[in-house]
Amino acid sequence: MAPKPNFALTRQRLTVNSYLTASVQSNEVRAQRMRYRTLGRTHIKVTAICLGTMTFGEQNAQPDAHAQLDYALDSGVNFIDTAELYPVPPKAETYGRTEECLGTWFHQRKNRAQCVLATKVCGRASSIPYVRGGKARLDRKNIEMALNASLKRLQTDYIDLYQPHWPDRVTNFFGQLGYQHVPKEDAVPIEETMEALDALVSAGKVRCIGIANETPWGAMQYLRTCEERGFTRIVSIQNPYNLLNRTFEIGLAEVAHREDVGLLAYSPLAFGVLSGKYTNDARPKNARLTLFRRFERYTNPQGQKASAAYVELAREHGLDPAQMALAFVHSRSFLTSTLVGATSLEQLKANIASLDLPLSDDVLEAIEAIHTSQPNPCP
């Protein structure tokens, strides 16, 4: 096996000017090679990498966030995802801060038209009493209030892709298993939600609609409602997907293919677990799982065992574990875009570079063997 290039030594040998020139040329090459896919049945083209921003305003201060945004755009990434609730973990004192950070970037760079911007509206949740006085719902009043507030924070007059962040009804999302039916729950009907969202499209404030953290039943209800009522058709579904959680394949992959509602895959690195930095219970300084205990979804014993196997597989083949995990997600036929987030510019560079990593048949077969031995350990 050929030795790995010593990138650190290469950088040391470059003069400051030649390094800057090489960086610009590298970005130009990446931008030219960036892959584009279509959002649903629209004419909107988005890059196969989407910059996720949920750390902006918490783990990333505004200057760092702006540097990431600059690098992503220079590298050819045109797709940016955020939410009214961000940053995460959500708190009353930081609510909306991520959108504000993006808004200052758009204002300073004057580049809003170069980006496809996605954001999300909160559904019902008792854990966010500070959002619209604890009355956040997916009804017309709440959706209109949320959208107008997001537009102000983002310093724009339109959103390209607007999404309910999670269902208003009781169902399986955010790692929940074992659906428990509530016959008389007080849920906003999907038809009412979709009517409100469609009105925003008609008003010119939103270009298209997606859904997030949805089930196969929910996705099909949205599609049925759109068809029967003549509403603008949903174009995407933003759900978790990674080597430790491939549950999307069970019911939603067929919906994505047959209905042209492609996946926007979030948590492709399982909160960083698949990078290998948490192997053997390591907790690096300032890493997400070190700072925030709420991010334990991907660290149960089964998940740790499976992630260790994936990390070992990557290293056996001379691959970076994080890039291998991302490359697997990029390769899925039902995917529209992979949401990548980072707490450092170096992480972001490596994440974007994963688009250029092909996985051999041997690696893909080994991934399937691990998956078969421990399927979906962290749904």
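Taking the centroid of alpha carbons for each part, the range 316-341 and the range 248-264 are 18 Å apart.
Charging the Cβ of each Asp and Glu at -1 and of each Lys and Arg at +1, and nothing else, the dipole of the chain about its Cα centre rounds to 800 debye. Diagonalising the gyration tensor over the Cα atoms of the range 171-253 and scaling each eigenvalue by 5 before taking the square root yields semi-axes of 24, 17, 11 Å, largest first. By the Cα gyration tensor, the range 239-379 has an equivalent ellipsoid whose semi-axes, rounded to whole angstrom, run 22, 17, 16 from largest to smallest. Comparing the chain with the 2.2 N^0.38 Å rule of thumb, its C-alpha radius of gyration ratio is 0.98 (two decimals). The Cα atoms of the range 125-210 give a gyration tensor whose axes a ≥ b ≥ c have a/c of 1.5 or more with a/b greater than b/c, which makes the shape prolate. For the range 167-185 versus the range 201-244, the spacing of their alpha-carbon centroids is 18 Å.
Loop-only trypsin sites (Lys or Arg not before Pro) in the range 124-222, please: DSSP not H, G, I, E or B, and at most 15 other Cβ atoms within 10 Å. Sites meeting the loop and neighbour criteria: Lys135, Lys184.
Mind scanning Lys285/Lys305; Lys141/Lys184; Lys91/Lys285; Lys184/Lys205; Lys120/Lys349; Lys45/Lys349 and naming the pairs with a C-alpha gap bigger than 28 Å? Beyond 28 Å between Cα atoms: Lys184/Lys205. Its DSSP H runs of at least 4 residues, each contributing -39,500 (n - 2.57), put the calculated 222 nm mean residue ellipticity of the chain at -13000 deg cm²/dmol, to the nearest 500. Dividing the Cα radius of gyration of the range 334-376 by its Kirkwood radius returns 1.07 for Rg/Rh.
With neighbour counts taken as other beta-carbon atoms within 10 Å, the residues Phe248, Phe56, Phe173 rank, fewest first, as Phe173, Phe248, Phe56.
Read the figures in this text as sums done on the coordinates, not as results from a lab. Computed from a predicted model, the values in this text were never measured in an experiment. Note that each Cβ is placed from the backbone with ideal geometry, even for glycine, and that neighbours are counted across all protein chains shown.
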